[in-house]
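The values are calculated or read from the model by the stated rules, or taken from the named source; none is laboratory data. Since we're looking at a predicted model, the values are computed, not measured. Here the Cβ positions follow ideal geometry from the backbone for every residue, glycine too, while neighbour counts run over all protein chains shown.
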Amino acid sequence: MVYTKKSPALFIIGVIMLAIWYGAVNGMLDGYMEHLAAGKKYKYGAELMGIPLYFGLVAAVIGAWQWFGSHTEGSWDYYSSTIAGGMFILLIAMLVRWFIAPEVAVISMSMGKVGDTGKYIHKLLGLNYVVMGIVTGIIVVNVFKVPEWAKNGVRLSRLGLKTGVILLGTLYSAAELKNLGGLSIVMIGFFVLGSVGLVLWMGARRGIPNSMGGVLSAGMGVCGVSATVAAAPVVQAKSVEIAYTIGTILLWGVGCMFIFPIVGQLLDMSYVQFGAWAGTGILNSAQVAGAALAYQPDGIETLKVAEIFNITRVLVLPIIILWLAMWYVKREEHATKVNVGQIIFEKFPVFVLGFILLFALSTTGVFAPANHYKGKYFDNTIVKASEMMTDAQIAVLTANADKVQRQDRKAALARLIEGRKVASIEDDATIRGLVNSKVMGKKAGAILKKAHKAVRHTAKKVKAFRKWITWLFAFGLVGLGMQITFASMKQAGGQPAVIGGVVGLLKAILSLVVVLLFVSETI
Amino acid sequence: MEKNFDRGSALSIFSSDRKEDFMALAFALIIAFAVYVSY
């Protein structure tokens, strides 16, 4: 089978990308960018100057070869034919991120804020480039159908998401992981084991086969599709049961991906709270990432929190497989014994180990100082002279120093006043707490913030990783949208859908309650 | 969708999840190396 289609499509995609770059570099898009910025600075100007040029050149050159060259069956044909579909997804992601989502925001802002919420409708509904990219993908596949020349490449989206998750490992500092790790282990432990147990119990009560209950419990409890596939041989699930489970997970997951961010906006959740909720309550890994990025499209703090929860969940997979194996053998007298260890070894998702590998590399300080916090690191030896505190600023702080009650804050403030810069990383944390408490008033607070910024430096490598991760996820999620067909969701039905719905809803609501009660902005 | 391909699955161009995971790891390491040397 020859996969490469002799079509001008990829070449045209390349030309469109190059035209965007040309328009941006020569100022032809300035007026439009100003309109999209709505009085602020257009956020994506720098991206427009580089990304469409590089990818446009690649697409135009390979597109010309695919259009005019001759193609024969083989591995080269198979893999190179994916480029057209990959570029198709990328072009959609570019258009949505740079033009369509900002245009929707402009229209939404012109309509004014919604009632008492104090928010614009596009914020409330989460109409940003992530959500719109996924929706565009869903529309393309269900309304227009994915073009023949793009079909092979659309299957690259999961590769993009996995690469993004592995690279996320570079962004965590040991301190962040320590804070989030404990919280995620407790929450995931409770909710994963709880969901698996509940599905098995409900399955027995409602009389579904043990194989169906087993595979559904893994899918609902752990991490969606990959857990379903891993659990299937242990409980000897039939293909139709796997299909039912995947359909139920997809139906539930897609719904959550759109609803969670809206609920998060309405409840004004912090990034940590929302990340913890999405990472616990949403079933499938890709949709966890989708919801987290939909909640915070121009930053990845929420994604980082959500993925830690998601990865903790994946790490629980071997325990669940063992549990299901014992449960199934106990209930089915004629069950053939399977090698559980081998199944765990064969099905365990290696990309999670990749994440851990890159995190381990990152903690050595190879990409950024190991003590970095959200890509910023502390160093008070490279404070510029212009950033040292002035006499006037010292006077304001001294005048307001009496308002500080806590001894540690008083001492940190005294050292700051004496040295004219933040003395240590511990003092920096203490002073941040002082700013958040707002006891010293606005003017002093602003001065303290400035002193904090002077000793915090951006790690350029971390910044570069953030860009890569954002684009890999944008690519993966548009492609994910193109794989959400109504036909695949129709696979859900009957008892599995009822049990999945009840357990999924309970998990979403209970995890929301736990997050709101016990999780605060701790990183 | 499955009928359109004689390799991989409906969701992936690779024949197994394990192969896809290793490819993702390879890409991630290449990107990490590129970032390391260029910034």
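Some observations on this one:
- Listed by first and then second residue, the pairs with beta-carbon distance under 7 Å, at least 6 apart or on different chains, first residue in region A:292-321 and not assigned by TED's automatic domain parsing to the domain that holds A:M132, second crowded, with 23+ Cβ neighbours inside 10 Å and among the aromatic types (F, W, Y), are A:L293/A:F473; A:Y295/A:F274; A:P297/A:Y129; A:T302/A:F274; A:T302/A:Y295; A:K304/A:Y172; A:I311/A:F355.
- Residues that are crowded, with 23+ Cβ neighbours inside 10 Å and of a type in the set (G, A, S) do occur in region A:294-305, at least one of them.
- Selected residue (only one of A:S108, A:S173 is in contact with a strand residue (DSSP E or B) (Cβ under 9 Å, 6 or more places away or on another chain), within 30 Å of A:A368 (Cβ to Cβ) and either of a type in the set (S, T, Y) or within 14 Å of chain B (Cβ to nearest Cβ) (or both)): A:S173
- Test result for A:A227, within 14 Å of another protein chain (Cβ to nearest Cβ), modelled with pLDDT of 80 or more and assigned to a helix (DSSP H, G or I): yes
- Being out of contact with any helix residue (DSSP H, G or I) (no Cβ under 8 Å at 6 or more places or on another chain), touching a residue at least 12 places away in the same chain (Cβ under 8 Å) and surrounded by fewer than 20 Cβ atoms within 10 Å (Cβ to Cβ) holds for only one residue in A:I425, A:I417, and it is A:I425.
- Within the set A:Y79, A:Y22, the sole residue that is within 14 Å of another protein chain (Cβ to nearest Cβ), free of Cβ contacts under 8 Å to residues at least 60 places away in the same chain and outside any loop (DSSP other than H, G, I, E, B) turns out to be A:Y79.
- The set of residues in region A:435-460 being within 14 Å of chain B (Cβ to nearest Cβ) and touching a strand residue (DSSP E or B) at 6+ places or on another chain (Cβ under 7 Å) consists of A:H457, A:T458, A:A459.
- Any hit, region A:209-219, residues being away from chain B (no Cβ under 14 Å), in contact (Cβ under 8 Å) with a residue 60 or more places away in the chain and under 21 Å from A:L477 (Cα atoms): yes
- Within the set A:F355, A:F351, A:F345, A:F309, the sole residue that is out of contact with any helix residue (DSSP H, G or I) (no Cβ under 8 Å at 6 or more places or on another chain), assigned to a helix (DSSP H, G or I) and either among the aromatic types (F, W, Y) or surrounded by 20 or more Cβ atoms within 10 Å (Cβ to Cβ) (or both) turns out to be A:F345.
- Criterion: assigned to a helix (DSSP H, G or I), more than 14 Å from chain B (Cβ to nearest Cβ), in contact (Cβ under 8 Å) with a residue 40 or more places away in the chain and closer than 30 Å to A:F378 by Cα - qualifying residue of A:S195, A:S184: A:S184
- Among the conditions (1) closer than 21 Å to A:V478 by Cβ; (2) free of Cβ contacts under 8 Å to residues at least 24 places away in the same chain, A:A286 misses just one, which is (2).
- Residue in region A:439-452 that is at positive phi, touching a residue at least 40 places away in the same chain (Cβ under 8 Å), surrounded by fewer than 18 Cβ atoms within 10 Å (Cβ to Cβ) and more than 32 Å from the chain's Cα centre (by Cα) present: yes
- Among the residues of region A:270-282, at least one is crowded, with 24+ Cβ neighbours inside 10 Å, in a loop (DSSP other than H, G, I, E, B) and either charged (D, E, K, R) or in contact with a Gly (Cβ under 8 Å, 6 or more places away or on another chain) (or both).
- A:V240 vs. criteria free of Cβ contacts under 8 Å to residues at least 12 places away in the same chain and aliphatic (A, V, I, L, M): yes
Residue-wise test of (1) within 30 Å of A:K40 (Cβ to Cβ); (2) crowded, with 22+ Cβ neighbours inside 10 Å.
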residue	(1), (2)
A:W65	no, no
A:E73	no, no
A:S80	no, no
A:L90	yes, yes
A:A93	yes, yes
A:F99	yes, no
A:K113	yes, no
